[in-house]
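Novice: Provided herewith is a single structure, encoded as structure tokens, for subsequent inquiry.
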Ligand SMILES: NC(=O)c1ccc[n+]([C@@H]2O[C@H](COP(=O)([O-])OP(=O)(O)OC[C@H]3O[C@@H](n4cnc5c(N)ncnc54)[C@H](O)[C@@H]3O)[C@@H](O)[C@H]2O)c1
Ligand SMILES: O=C(O)[C@H](O)COP(=O)(O)O
């Protein structure tokens with residue numbers, strides 16, 4: 001048992017209300033946390049969406065000082081989802097020792113600065129892999145079988161059966177599905193699709209060929225994947241190396257009957273190249289849950305196209321994923337504080353710092 005317990009600031013928002021963080025903290029961290037400041041940041045979904053974009057666009061240096069941080073300046077632990085942990089906000093909380101983000105993306109945390117100060121940063125990976133993998137398979141079928149288009153037509157009083165792909169609307173059985181990225185989500189998409197009788201090929205330069213083959217899939221290079229697939233689903237993270245991973249060249253390798261599904265990040269695809277490929281029927285269609293600008297602008301060309309299925313960045317937001325996220329986070333922090341081991345510390349080098357060793361010793365980690 002620690003001799004001194006911590007104070008925690010829990011920040012909920014429209015996606016994960018603070019009650020989720022509070023419940024998990026009280027359940028798993030009661031030995032380590034004695035005082036809880038709990039705030040709901042944004043109740044309004046539209047405003048949250050805007051904020052989220054600002055945070056992602058400007059990166060971790062966003063100076064979005066939250067008024068409630070001023071009320072909890074002595075907190076040692078800060079848990080949230082999109083809460084901006086900028087340099088300025090860290091200045092406001094001089095006792096901060098642990099930052100926990102209940103998602104994988106760390107766009108809203110200045111990890112470098114946190115590391116410099118000796119703040120341990122936890123994130124949660126794989127929390128919504130079930131949700132997104134379900135959705136990717138759904139989007140694939142919705143797009144190639146015209147589900148959304150038929151729905152849209154019937155709601156507008158039209159009994160529509162003819163679509164641009166009507167002559168060759170495909171079944172999944174026997175087709176080749178190419179997955180770009182074989183991490184938490186890509187792996188589950190492969191597993192779920194296995195029941196559909198498809199051949200699965202994988203392009204992921206950071207996953208060993210043997211690992212992929214062990215699971216019964218084929219490890220291929222990027223060009224092969226784009227050339228051979230009937231469906232391509234993107235599951236890589238966006239970075240400077242993966243930006244425009246799908247450009248005019250990759251699209252030109254695709255079969256005219258092939259579909260591109262993106263539940264990952266829009267920046268993986270060159271927007272203009274995709275618009276042209278769809279307009280000119282170079283590929284059969286696309287299912288997109290993520291966009292270069294969100295919300296999708298009213299004048300977006302995608303709204304005019306008849307060979308796309310568009311959704312509003314909702315692949316990851318199931319009830320289970322949102323409930324699981326704070327719980328996975330808090331359980332990992334508890335594991336670290338009680339056993340000295342953790343799965344989700346993003347800056348383990350911080351554990352070598354003298355100030356960190358000192359407070360961990362006080363906590364008896
Ligand atoms: N639409 C949504 O609501 C939603 C929700 C959650 C996650 N996502 C997105 O889904 C994507 C996948 O998430 P994840 O949790 O599976 O990520 P992950 O980090 O577990 O997996 C990403 C994989 O991509 C691989 N990769 C890296 N560079 C690559 C490259 N150049 N080509 C091919 N593969 C490459 C990595 O080796 C890794 O295996 C991310 O872009 C994430 O932002 C979207
Ligand atoms: O909105 C999204 O795309 C997801 O919430 C991102 O989740 P992650 O940061 O956990 O991948």
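The values are calculated or read from the model by the stated rules, or taken from the named source; none is laboratory data. Keep in mind it's a predicted model, so treat the numbers as computed, not measured. Cβ: placed from backbone, ideal geometry, glycine included. Neighbour counts: every protein chain shown.
Novice: Which residue pairs have Cβ atoms under 6 Å apart, sit 6 or more places apart or on different chains, and have a first residue in the stretch 278-303 that is within 22 Å of residue 232 (Cα to Cα) and a second that is modelled with pLDDT under 95 and surrounded by 12 or more Cβ atoms within 10 Å (Cβ to Cβ)?
Specialist: The qualifying pairs are 284/165; 289/313; 290/313.
Novice: Sticking with this structure for a sec: Just to verify a result, which residue in the stretch 293-316, among those that are exposed (fewer than 15 other Cβ atoms within 10 Å of the Cβ) and within 16 Å of ligand 2 (Cβ to nearest atom), is modelled with the lowest pLDDT?
Specialist: 295
Novice: Moving to a separate point now. Return the only residue of 303, 296 being in the same structural domain as residue 259 (by the TED database), touching a strand residue (DSSP E or B) at 6+ places or on another chain (Cβ under 8 Å) and not in a helix (DSSP H, G or I). Lay out the reasoning, then the answer.
Specialist: On the way: 303 fails: not in a helix (DSSP H, G or I).
Selected residue: 296, the only one of 303, 296 that is in the same structural domain as residue 259 (by the TED database), touching a strand residue (DSSP E or B) at 6+ places or on another chain (Cβ under 8 Å) and not in a helix (DSSP H, G or I).
Novice: Considering each of 237, 160, 265 in turn, give the residue that is in contact with a helix residue (DSSP H, G or I) (Cβ under 6 Å, 6 or more places away or on another chain) and assigned by the TED database to the domain that holds residue 147.
Specialist: Going through 237, 160, 265 in turn, just one is in contact with a helix residue (DSSP H, G or I) (Cβ under 6 Å, 6 or more places away or on another chain) and assigned by the TED database to the domain that holds residue 147: 160.
Novice: Those residues that are away from ligand 2 (no atom under 13 Å from the Cβ), surrounded by fewer than 24 Cβ atoms within 10 Å (Cβ to Cβ) and free of Cβ contacts under 8 Å to residues at least 60 places away in the same chain, I need them from the stretch 100-133; list them, please.
Specialist: 112, 113, 116, 117
Novice: Output the residues belonging to the stretch 204-232 that are touching a helix residue (DSSP H, G or I) at 6+ places or on another chain (Cβ under 8 Å) and in a loop (DSSP other than H, G, I, E, B).
Specialist: 204, 215, 216, 217, 220, listed by residue number.
Novice: In the stretch 21-41, which residues are under 21 Å from residue 71 (Cα atoms), under 22 Å from the mean Cα position of the chain (by Cα) and in a helix (DSSP H, G or I)?
Specialist: Listed by number, the list holds a single entry, 21.
Novice: I need the full set of residues from the stretch 233-265 which are within 16 Å of ligand 2 (Cβ to nearest atom), part of a loop (DSSP other than H, G, I, E, B) and surrounded by 17 or more Cβ atoms within 10 Å (Cβ to Cβ), in order please.
Specialist: Matches in the stretch 233-265: 235, 236, 238, 242, 263, 264, 265.
Novice: Condition first: in contact with a helix residue (DSSP H, G or I) (Cβ under 6 Å, 6 or more places away or on another chain) and in a strand (DSSP E or B). Can you find one or more residues in the stretch 271-285 that meet it?
Specialist: yes
Novice: Please determine, by comparing only the residues of the stretch 322-332 that are buried (at least 20 other Cβ atoms within 10 Å of the Cβ) and touching a helix residue (DSSP H, G or I) at 6+ places or on another chain (Cβ under 8 Å), which one is farthest from residue 363 (Cα to Cα).
Specialist: 325
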